[in-house]
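Asker: Below is one structure. I have some questions about it.
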Amino acid sequence: MSDKPKIFLTRELPPETMAILREQSELTMNPEDRYLTKREIIEGVAGVDGLLCLLTDTIDDEILAANPALKVVSNFAVGFNNIDVEAATVRKIPVTNTPGVLTDTTADMAFALLLDAARRVSEGDRFVRTQAWQGWGPLQFLGSDVSNATLGLVGLGRIGRAMLPRAHGFSMKVLYWNRTRLTEQEEASLNVTYCELDDLLKESDFVSVHVALNETTRHLLGAREFALMKPQACLVNSARGPVVDEKALVTALQSGTIAGAGLDVYEQEPLLEPELYELDNVVIAPHLGSGTIGTRTKMGNMAAENCLAACHGQLPPNLVNPQIYA
Ligand code: GLV
């Protein structure tokens, strides 16, 4: 009998990760490149040591209850709002994530959305493809300047901080709002200014969201907050959809309360508020923040390492509920 741990994987990961998992575990997995249903996940976790899942899998107590001997829930993502961590903690099941390795890649994406929304790249691309373009025009597709503009960072965790060198590279002034304020020395050395959220919204030309999704950040930005923003401002969200009230955002974009938005995440992925498909002043990407070959491979290897460690009874390196060992 093999002494390799049994792992259930909910969807294929990059080849390097698959090789690690195939070599070091008795792997069962979703054979198709699609989401599994809750029923399928429940069947999949039965009798395994470890569950390796994705941000698109909702892991609730019913799933955890399907295998009382489960040793770990390893999420292939830095965000873990898809997992009922409280329920896992009650059951003493470690939950792990993949922090750090996707920080720069996700900040690159946020900055790409910011540039695109500001300079109307995707909108221009769509227009050129209609073959209706009559050539350069002095008033065509005018956007707003990124260089020297003010960027407001809502959240200054790992990814928020990674926005700083990018923004400073464009000579932007950077404001931030965060649950905990940095020390004055840190603010000075990072060249950022702390603001209350309302003030940040009033003063920024670009507002970029970098908070984790939890009950305190759900709908953090809605109609009241958009009304505080400048009419020429753009919102960027590469964090989690439900941090922004998507219906209120549609209204703000339709009415010109704000000028534009760049979105990588949505409240009900893969569905969007229907108007977003039609609005020209929004750039809509399919949740590709961490989507590079290199980064997804690092995330996969990290998720595999977390999963294998916990299956072997070791402390997994990226534990989000350390209180289970207290
Ligand atoms: C991606 O959205 C992640 O949380 O890793």
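Asker: How much of D3 can a 1.4 Å solvent probe reach, expressed as accessible area in Å² and rounded to 10?
Answerer: Accessible surface of D3 is approximately 140 Å².
Asker: Something else now. May I ask you to compute the full-extension gain from T292 to Q232, defined as 0.36 nm times their residue separation minus their alpha-carbon distance, rounded to one decimal in nm?
Answerer: Working: separation 60, 0.36 × 60 = 21.60 nm, distance 3.14 nm.
Between T292 and Q232, full extension yields 18.5 nm more.
Asker: Can you give the relative contact order of the stretch 103-284 as a percent, counting alpha carbon pairs under 8 Å and 6+ residues apart?
Answerer: Values: 329 pairs, mean separation 39.7, N = 182.
This gives 22 percent for the stretch 103-284.
Asker: Considering only protein heavy atoms, what per residue accessible area in square angstrom results for the stretch 103-284 with a 1.4 angstrom probe? Walk me through the numbers before you get to the answer.
Answerer: Working: 9040 Å² over 182 residues.
Per residue, the stretch 103-284 has an accessible area of 50 Å².
Asker: Going highest first, how would you order 186-192, 320-326 by mean Cβ packing within 10 Å?
Answerer: Details: 186-192: 14.1, 320-326: 12.6.
For the peptides 186-192, 320-326, the packing ranking is 186-192, 320-326.
Asker: In the stretch 87-180, what percent of the accessible surface is made up of carbon and sulfur (1.4 Å probe, ligands and nucleic acids excluded)? List each step's numbers first, then the result.
Answerer: Details: 2590 of 4800 Å².
C and S fraction of accessible area: 54 percent.
Asker: What translational diffusion coefficient, in µm²/s and rounded to a whole number, does the Stokes-Einstein relation yield for the stretch 197-239 at 20 °C and a viscosity of 1.002 mPa s, taking the hydrodynamic radius as the Kirkwood radius over Cα pairs?
Answerer: Answer from the Stokes-Einstein relation: 199 µm²/s.
Asker: For the stretch 135-233, max minus min Cα coordinate along each principal axis, in Å, sorted largest first?
Answerer: Over the stretch 135-233, Cα extents along the principal axes are 49, 33, 20 Å.
Asker: Starting from the eigenvalues of the Cα gyration tensor, five times each then square-rooted, give me the equivalent ellipsoid semi-axes of the chain, largest first, whole Å. Could the numbers behind the result be given before it?
Answerer: On the way: eigenvalues 299, 99, 64 Å².
That gives 39, 22, 18 Å for the three semi-axes.
Asker: Mind jotting down a quarter of the surface of the convex hull over the alpha carbons of the stretch 17-142, in square nanometres, one decimal?
Answerer: Values: hull surface 46.9 nm².
In nm², the orientation-averaged hull projection of the stretch 17-142 is 11.7.
Asker: Take peptides 279-287, 138-146 and line them up by average Cβ neighbours within 10 Å, highest first, as a rough protection proxy.
Answerer: Packing proxy ranking, top to bottom: 279-287, 138-146.
Asker: Something else: Among the lysines, select those whose C-alpha is under 29 Å from the C-alpha of K230, and discard any that sit fewer than 8 residues away in the same chain.
Answerer: The qualifying lysines are K173, K202, K247.
Asker: Rounded to the nearest 500 deg cm²/dmol, what is the calculated helix-only ellipticity per residue at 222 nm for the chain, with -39500 (n - 2.57) per DSSP H run of length n ≥ 4? Walk me through the numbers on the way to the answer.
Answerer: Working: 12 runs with 116 residues, N = 326.
Computed mean residue ellipticity for the chain: -10500 deg cm²/dmol.
Asker: For a quick protection proxy, order the peptides 31-41, 45-55, 252-262 by their average other-Cβ count within 10 Å, most packed first. Don't skip to the answer; put the middle values down first.
Answerer: Values: 31-41: 12.6, 45-55: 22.7, 252-262: 19.6.
Final packing ranking: 45-55, 252-262, 31-41.
Asker: Can I ask one more? Alpha carbon centre of the stretch 232-270 versus the stretch 41-82: separation in Å?
Answerer: Centre-to-centre distance over Cα atoms comes out at 30 Å.
Asker: Using the beta-carbon distance between E26 and N281 and R0 = 51 Å, what value does 1/(1 + (r/R0)^6) give for FRET efficiency, to the nearest 0.05?
Answerer: On the way: r = 51 Å, r/R0 = 1.00.
Computed FRET efficiency for E26 and N281 comes out at 0.50.
Asker: Distances longer than 18 Å among the Cα atoms of the stretch 197-326: what percent of all pairs is that?
Answerer: On the way: 5082 of 8385 pairs.
The share of Cα pairs beyond 18 Å in the stretch 197-326 comes to 61 percent.
Asker: Can you give me the C-alpha center-to-center distance between the stretch 207-227 and the stretch 290-307, rounded to a whole angstrom?
Answerer: 28 Å
Asker: Starting from the Cα gyration tensor of the stretch 10-91, multiply each eigenvalue by 5, take the square root, and state the resulting semi-axes largest first in whole Å. Mind showing how you got there, number by number?
Answerer: Working: eigenvalues 77, 39, 33 Å².
Equivalent ellipsoid of the stretch 10-91: 20, 14, 13 Å, largest first.
Asker: A further question on this structure: Can you sort V128, V243 by 1.4 Å-probe accessible area, starting with the largest?
Answerer: Working: V128 75, V243 0 Å².
Highest to lowest solvent-accessible surface, that is V128, V243.
Asker: Something else: Could you work out how much longer the chain between D33 and A19 gets when fully extended? Use 0.36 nm per residue separation minus the Cα distance between them, nm to one decimal. List each step's numbers first, then the result.
Answerer: Working: separation 14, 0.36 × 14 = 5.04 nm, distance 1.74 nm.
Length difference between fully extended and current span is 3.3 nm.
Asker: Can you tell me the Rg and the Dmax, both Å, for the Cα atoms in the stretch 103-284?
Answerer: 16.1, 54
Asker: Taking the Cα atoms of the stretch 86-126, report the difference between the largest and smallest coordinate on each principal axis, in whole Å and largest first.
Answerer: 52, 19, 13
The values are calculated or read from the model by the stated rules, or taken from the named source; none is laboratory data. Computed from a predicted structure; not experimentally measured. Neighbour counts run over all protein chains shown; Cβ positions are idealised from the backbone, glycine included. Protein only, heavy atoms only, side chains kept; ligands, DNA and RNA dropped before computing areas. Shrake-Rupley method; radii C 1.70, N 1.55, O 1.52, S 1.80 Å.
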